[in-house]
Structure formats: structure tokens, C-alpha cells
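Reading through the C-alpha cells given below for one structure.
The values are calculated or read from the model by the stated rules, or taken from the named source; none is laboratory data. Just so you know, these numbers come straight off a predicted model, no measurement behind them. Heads up, the Cβs are rebuilt from the backbone with ideal geometry, glycines too, and the neighbour counts pull from every protein chain shown. Protein only, heavy atoms only, side chains kept; ligands, DNA and RNA dropped before computing areas. Shrake-Rupley method; radii C 1.70, N 1.55, O 1.52, S 1.80 Å.
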Amino acid sequence: MALRLMESLPEIEDQELVTRTLNGDREAFGVLVERHQDRIFGLVRHYTRNPVEVEDIVQDTFLKAFTRLSSFQRQGSFYTWVYRIAVNTALDLFKRQGRNPVQTVEDPEVIGTPPSRGLMRPDAQMQEREIAEITHEVLAELPEIFRTVLILREFEQQAYQDIADLLGISIGTVESRIFRARAKFKEQILQRYPEYGQVD
Amino acid sequence: MKCEAVRSLVAGYLDDELSESQASPVRQHLLDCGECRKLMQAQTAEKSWFVPTEPMTAPEGFAARVSRRAFAGDKGLLTPVAPQGTGGGEPRILQFAIQMTAVAAAVLLILALGMKFSAHPEGAELRADSSDLREALETMDRLNREERLELPGENSAGEFQPTATEAGK
């Protein structure tokens, strides 16, 4: 097995690795990729269940990061910067493919009439994998703006402020978008699986 | 705290996004109000569908491969490329038509500017070809003088004098 790149350049700050990469050090960039690749893979797989597509998106994310490396602000976090590129790369791909076109969140038509019934918790007997299957199936049907905030909040456990910074929107917009996204998620899950509706 | 205010804060409360000064009255209200508590329970149920997923690991050698491709100038598979071959013919025709229109407009503009600066009189005075005109006038004067010499009835002032035959009529 090839020696992992991180073992050769341990303990070096991301900022230093960026500088080395800009000076033509290929190994330094390899360490940057290796340091953050798993989290980026973890993020992107919430956007698509196709492993080949996940790998393509992550690869493009780092290739884009490399070409724009000189614009990276050193005082910021490299991971946050790459994370933003990953989200945009995934969204760009789906937009180009006509999947889940972006809709304006403020449009009340996006939400429609919220279902009056509540949503039950998943069955206690269900495996986590089964729950995740249903959740991702429903997420895939949501407009992209809702899907993204739910992924960032619920799977990535990002704080509202971090989501706001990442997406370039105000924290108030994040709050309202998460609220609407949850309502839409509930509506979709009840449409597909009415048995999970609460009985009054 | 009123129910309406609490309901707008329930999501932030569940996400642990409220400061203690905001969370405390919400907590107190939820203890007292069954309807708002029900709303909070519903949102908790919604959140329970987002179960933590297993960590994902990148394929072996991924970082080295990406780094090698980056330094080789690879821009990525998903970078949009211009349509090639027979596909996308219509946009290419449209692009060609736009380019040709732009070229024609530029040529017309250059021609118009050329005509303006080369053919337009520069001064306020109308400029005809004065040397030719002067020459023509002198020729006409000379011809007139010669003609007058040939006509016997014309006086020195150039007034026409009828001949005797004509006067007797």
C-alpha cells in the first residue's frame, strides 16, 4: 500500500500547505486533499447516492480549489472554503442536468399548504440504514435550497451562522429556510409514506 | 411570552441556536402551553428522521491522483465544455449570425466615419474649386467682349442699340 501523504507532512497548517502548493509543491496539495477528503465525501454523498458521481464531484471540488488557490484568503479556514466549493459544484452539476432546479425560497408556492397532520418518528424497529434510505429519497425530491440547508444543519450539524456564511445569506434567511425546509420535508414524507402521519 | 413568538423560536430552540436569555422564556412557555409543546414534539419527530450516517472514506490513492491531475492542468470532468460535432447546431448558427452582424455593423461604422471626415467641408465657408470657376468666368468675359465687338449696334456701355432696320419697323 502506498504511503499515505499525510504521514510525510504531518502537523503542517493548511495555510502553509497552501503556500507550498502555490510554490509548486505537489505533495503539499496532496496532503491538503487527504486531510479534508473524507468530510467532503461525507457531505457530497447527501446530494447523490451514486458513488461514481460522488467521486466526480469531490474530485472536481479539489481541482477547482487548486485552480483558485491564489484567491484563498489565508485568514479563513481552508476546509470552509473547500466545503463551499463542494456545495456549489454539486448544485452546479444538478442545475446543468436539470435535477431539482433551484427555486426561490420566498415563493409561497414552494411550500404550498402545510399538511395538518404531524409526522411520527421512524419505527423503533427500523434500521438506521433504512431510515437514511427514506430520508435521502425524500431529500432528493426537495428543491435544492431546502435540501442544502437540511443537509448542512441535520447531517453536518453546522451552526446557523456557519450556514449563513457558507451560503452567503443572512442568519434570518437561514432560520426561515430551515423552517420551510422542514415543513416541505414533512409534506413529502407524508405523501410518500402516509402511514407515518400522526393520528389525531 | 406569546404562543406566536414561541413558535417562531421553536426550531432555533431545538437546534440549540438560542442564547440563554432567549431560550429560558421559551422553555418556561413550553412547560405551560400544551399546544406549543405539541409543536415542539412534532419538530423533534421530524428531526429524528435525520439519523447520523456512517463516516465515508475516500478511495485509496484519491488524494495523490487528484494532486497529480491538478498539477497536470486538469480542470475537472464536470467543467462545462462547448458543444461539439453536430449537436448544438442551432446555437452555433446563432452565434455565427451575431458575429457577422457585429462585423457588418463595425464596417458600416468605419465607412460612415470615413465619409464624414473625408468629404465634409472643414470651414464655415463653402469651398468650391475656386481656380476653375475663376478661369471659367474669365473665359466667359473674354467671349462676351469678342461677341460685343462683332455686334455693331451695341454701345460702349454694353447696352443693346437696335440697328436702323429694326428701329424703322
- Qualifying positions in segment A:177-193 - open to solvent by less than 40 Å² (accessible area, probe 1.4 Å) and not aromatic (Phe, Trp, Tyr): A:Arg177, A:Ile178, A:Ala181, A:Arg182, A:Ala183, A:Lys184, A:Lys186, A:Glu187, A:Gln188, A:Ile189, A:Leu190
- Looking only at segment B:31-62, and only at residues there that are more than 9 Å from every other protein chain (Cβ to nearest Cβ) and open to solvent by less than 30 Å² (accessible area, probe 1.4 Å), the one that is farthest from B:Glu4 (Cα to Cα): B:Cys33
- segment B:38-74: number of residues that are in contact with a Gly (Cβ under 7 Å, 6 or more places away or on another chain) and closer than 22 Å to A:Arg45 by Cα: 5
- Query: Condition test on A:Glu154, is it open to solvent by 50 Å² or more (accessible area, probe 1.4 Å), touching a Lys or Arg at 6+ places or on another chain (Cβ under 9 Å) and assigned to a helix (DSSP H, G or I)?
  - Reply: no
- Test: A:Leu119 is within 17 Å of A:Arg177 (Cβ to Cβ) and either crowded, with 18+ Cβ neighbours inside 10 Å or modelled with pLDDT of 80 or more (or both): no
- Hey, any hits in segment A:49-62 for a residue that's facing chain B (nearest Cβ under 9 Å) and assigned to a loop (DSSP other than H, G, I, E, B)? no
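From the residues in segment A:157-170 that are open to solvent by less than 70 Å² (accessible area, probe 1.4 Å) and at the interface with chain B (Cβ under 9 Å from one of its Cβ atoms), which one is farthest from A:Phe146 (Cα to Cα)? Quick ask: steps written out before the conclusion?
Applying the first criterion (open to solvent by less than 70 Å² (accessible area, probe 1.4 Å)) to segment A:157-170 yields A:158-160, A:163-164, A:166-170.
Narrowing the set further to residues that are at the interface with chain B (Cβ under 9 Å from one of its Cβ atoms) leaves A:159-160.
Values: A:Ala159: 16, A:Tyr160: 14 Å.
So, considering only residues that are open to solvent by less than 70 Å² (accessible area, probe 1.4 Å) and at the interface with chain B (Cβ under 9 Å from one of its Cβ atoms), the one farthest from A:Phe146 (Cα to Cα) is A:Ala159.
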- Go through segment A:66-90 and give me each residue that's more than 10 Å from the chain's Cα centre (by Cα) and among the small types (Gly, Ala, Ser). A:Ser70, A:Ser71, A:Gly76, A:Ser77
- So how many residues does segment A:79-114 have that are of a type outside the set (Asp, Glu), modelled with pLDDT of 70 or more and outside any loop (DSSP other than H, G, I, E, B)? 17
- Query: When you go through (1) surrounded by 19 or more Cβ atoms within 10 Å (Cβ to Cβ); (2) over 28 Å from A:Trp81 (Cβ atoms) one by one for A:Glu133, which number turns out not to apply?
  - Reply: (1)
- Task: Scan segment A:25-54 for residues that are free of Cβ contacts under 8 Å to residues at least 24 places away in the same chain and open to solvent by 50 Å² or more (accessible area, probe 1.4 Å) and report the count.
- Result: 6
